[in-house]
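Working notes, structure below.
The values are calculated or read from the model by the stated rules, or taken from the named source; none is laboratory data. Worth saying up front: this structure is predicted, and the values here are computed from it rather than measured. Reconstructed Cβ throughout: ideal geometry from the backbone, glycine too, with neighbour counts over all protein chains shown. Calculation scope for accessible area: heavy atoms of the full protein, side chains included, ligands and nucleic acids excluded. Shrake-Rupley method; radii C 1.70, N 1.55, O 1.52, S 1.80 Å.
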Amino acid sequence: MATTTAATRGKSSGIKVTDAPAARGGSVGTSGAVQNTRWQQADVREVIRLSPSIVVLRLSLPARVDHLPGQHYVVRLTADDGYSASRSYSIASAPDDELVELCVERLADGEVSGYLYDELQPGDQLEVRGPIGGWFVWDAGKPALGIGGGSGVVPIVAMARHADHTGAPDRLRIAASGRTPHELPYYQELRDYGATVALTRHPNATPGVLGRRLAAEDLAPLMDGAATAYVCGSAGFAESISQQLLMLGYPQSRIRLERFGPT
Amino acid sequence: MAFASRGFGGRPHRQRDERLPPGQYDVGSDWPVLTAEVTPRFSLDNWTFTIDGLVGMTHTWSFQDIRALPESRYDGDIHCVTTWSKLGTSFTGVSVDSLIAQVQVAPEAEFVLATSTTGYTTNLPLADLTGGKAWLVWEHEGKPLTAEHGGPIRLLVPHLYFWKSAKWITKFTLLDHDEPGFWERNGYHDRGDPWKEQRYQGD
Ligand SMILES: Cc1cc2nc3c(=O)[nH]c(=O)nc-3n(C[C@H](O)[C@H](O)[C@H](O)COP(=O)(O)OP(=O)(O)OC[C@H]3O[C@@H](n4cnc5c(N)ncnc54)[C@H](O)[C@@H]3O)c2cc1C
């Protein structure tokens, strides 16, 4: 617990958190990631609609605890009558970003994602707790492979940003898959990073982009030397990618999955 | 809970089902898959179930041995920590009670570490596995349990959050102390009672 750093970020916050997270309902996972389960009210600083279905939220937290890429926050919405709904959202930002960035895909009729996309504005308050998760995390230490499908690229983007900021972009290789550029969050950033990008429903061929699903032949060259493979996306995507990695001889014990979104 | 989210009304015409613990929503006929590991494929022919630790003698069952025990069915709800619940579902298998009845439990045994074929572990108080509250199941709503949902066989402890219902179960180790399992070491609650919203350590 002594190694825990509870940093305060964002100019308006000014509250210094000095007690160990454990004392406040936090804990340290096996990977060294610190977890904080206290609810707090974040200031919504920026709301960026990246496409007709994707929104980026940039939040300032009054009592922020440093995260590791791969961790998530829980967002809780509360109606006037006390009814509330909470959902998990992976962190997109690197640990050294001033703000915490989340990226939400608006689902048709989605209760929480619909509100976050349609309704939330800068200046609003958003109730959150986190960071949470101690297993699907990467500290930019050992070489890794990150594979994301759709909104499943969000934690992989946090890893890429962290790799960049810590001067180790060669430590993370990425493969990302989406239907169209509009449905793949951070499409351009992933391309600039040098990720292998696959677009499965994009009518126009784009140079340097695969116009089909990710296949074993695309993953094989990325796999070498990766101590851990992080796979994130829908259950179907995670299942198919992990089976391909196994087929290529990548050890099962070194694959970490995060499954979310529709099946 | 004075805080309210500006402009949030929640899903229109929602009716809070009394079977839903706080913070949960009803997924209807869906059944989301949440696992941290690659889905293993194995057959019940070469699967065994073992109870070891604080017991008179370690006991191992084949699937045939288990099929010889009285079948038991669970009709009710399941609750995942990621906030979905599945209401009015059913599973078929054997009650954990009929397995425990075949071993001699040491008086100091109070906790269980459940282990899967993948090495996944989760910890539970022994009292949460006995008294008609837990099952090993191989059928869901009358059909064989699929691999992604923990088939061919999984633990079912429906009164606790579903990560306690270890998929691909293969062993119980009886202990005199609580030893955190996989998610519990990674920040999740040691007991996981959905009615008390024990999601994370410290809740
Ligand atoms: C660890 C983790 C990390 C995650 N990270 C991210 C992330 O970075 N980005 C992201 O976008 N998502 C992420 N998710 C998924 C996210 O938590 C939500 O599940 C997602 O946003 C959908 O929530 P919702 O309230 O909008 O939709 P819900 O209201 O939960 O509905 C989901 C779908 O089911 C249908 N539905 C469900 N119930 C009803 C009903 N009663 N009536 C009508 N339709 C219904 C909706 O049409 C919708 O399409 C993550 C999940 C986990 C577990």
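So the values come out like this:
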read-out	value
Mean Cβ neighbour count within 10 Å, used as a protection proxy, ranking B:47-54, A:170-177 highest first	A:170-177, B:47-54
222 nm mean residue ellipticity, helices alone, for the protein assembly as shown (DSSP H n ≥ 4; -39,500 (n - 2.57); rounded to 500)	-3500 deg cm²/dmol
Peptide-level mean, for B:75-87, of C-beta atoms on other protein chains within 10 Å	1
Loop trypsin sites (Lys or Arg not before Pro), the range A:183-250 (other Cβ atoms within 10 Å of the site Cβ: 16 or fewer; DSSP)	A:201, A:212, A:213
Selected from B:182, B:109, B:131, residue furthest toward positive end of dipole (the range B:44-196; charges at beta carbon)	B:182
Along each principal axis, Cα extent of the range B:110-203, largest first, Å	38, 27, 26
Tilt relative to chain A, helix A:154-165 - C-alpha long axis, 0 to 90 degrees, to 10	90
Residues whose placed amide H lies under 5 Å from that of residue B:171, excluding near-sequence neighbours	B:50, B:115
Dipole in debye (nearest 20) - the range A:115-173, about Cα centre, beta carbon charges: Lys, Arg +1; Asp, Glu -1	420
For a label point 7 Å along the Cα-to-beta-carbon line of residue A:204, residues of the range A:51-69 with backbone N under 20 Å	A:51-54
Rounded if a/c under 1.5, otherwise prolate or oblate - the range B:122-170, Cα gyration tensor axes	prolate
Computed P(r) (all Cα pairs; chain B; 5 Å bins; percent)	1, 7, 15, 20, 20, 16, 10, 5, 3, 2, 1, 0, 0
Fluctuation leader among B:186, B:46, B:123 - chain B, Gaussian network, Cα springs under 10 angstrom	B:46
Relative contact order (%) - criterion: Cα under 8 Å, at least six apart; region: the range A:144-260	29
Modelled FRET efficiency - R0 45 Å, residue A:107 with residue B:57, Cβ distances, 0.05 increments	0.30
Total formal charge among the other residues, if their Cβ is under 12 angstrom from that of residue A:44, Lys/Arg +1 and Asp/Glu -1	-3
Phi-based couplings in Hz for the range A:114-125 (Karplus 6.51, -1.76, 1.60; Gly and Pro marked x)	x, 4, 5, 7, 7, 10, 5, 10, x, x, 6, 9
Estimated vicinal HN-Hα couplings, Hz - the range B:182-197 in sequence order (Karplus 6.51, -1.76, 1.60; Gly, Pro = x)	4, 5, 5, 6, 9, x, 8, 5, 6, 9, x, 7, x, 6, 9, 6
Simple Cβ-charge dipole of the protein assembly as shown, Lys/Arg +1 and Asp/Glu -1, about Cα centre, in debye nearest 20	740
GNM result for chain B, Cα springs below 10 Å: residue of B:93, B:181, B:28 fluctuating most strongly	B:28
Column: log10 I(q)/I(0), Debye, Cα scatterers of chain A, q = 0.08, 0.09, 0.16, 0.17 Å⁻¹	-0.31, -0.39, -1.23, -1.36
Charge tally in the Cβ shell below 12 Å around residue B:135, where Lys, Arg are +1 and Asp, Glu are -1, residue B:135 excluded	-1
For the range A:144-260, the spread of Cα positions along each principal axis, largest first, Å	37, 32, 26
Simple Cβ-charge dipole of chain B, Lys/Arg +1 and Asp/Glu -1, about Cα centre, in debye nearest 20	700
HN-Hα J in Hz across the range A:232-239 - Karplus 6.51, -1.76, 1.60, θ = phi - 60°, x for Gly and Pro	9, x, 4, 4, x, 5, 4, 5
Separation of the residue A:96 and residue A:246 label points, Cα + 7 Å toward Cβ, nm	3.9
Buried accessible area, chains B and A (both chains, 1.4 Å probe, Å² to nearest 100)	3500
With at most 15 other Cβ atoms within 10 Å, longest stretch of chain B clear of loop trypsin sites (Lys or Arg not before Pro) (DSSP)	B:42-203
Other-chain or far-sequence residues with amide H under 5 Å of residue A:197's (modelled H)	A:176, A:210
For the range B:106-161 and the range A:73-112, distance of Cα centres in Å	31
Probe 1.4 Å, protein heavy atoms only - accessible area per residue of chain B in square angstrom	43
Around residue B:111: net Lys/Arg minus Asp/Glu count, Cβ-Cβ under 9 Å	-4
Chain A: relative contact order in percent, alpha carbon pairs under 8 Å with at least 6 residues between	17
Computed P(r) (all Cα pairs; the protein assembly as shown; 20 Å bins; percent)	24, 56, 20, 0
Relative contact order of the range A:27-132, defined on C-alpha pairs under 8 angstrom at six or more residues apart (%)	38
Accessible carbon and sulfur surface of chain A relative to its total accessible area, %, 1.4 Å	49
Projected area averaged over orientations for the range A:27-132, convex hull of C-alpha atoms, nm²	6.8
When each of A:142/B:171; A:142/B:86; B:86/B:167; B:143/B:171 is checked by Cα-Cα distance, pairs over 28 Å	A:142/B:171; A:142/B:86
Inter-label distance, nm, simple model (7 Å from Cα along the C-beta direction), residue B:64/residue B:102	1.3
Gaussian network model of chain A, Cα within-10 Å springs - most flexible of A:77, A:68, A:199	A:77
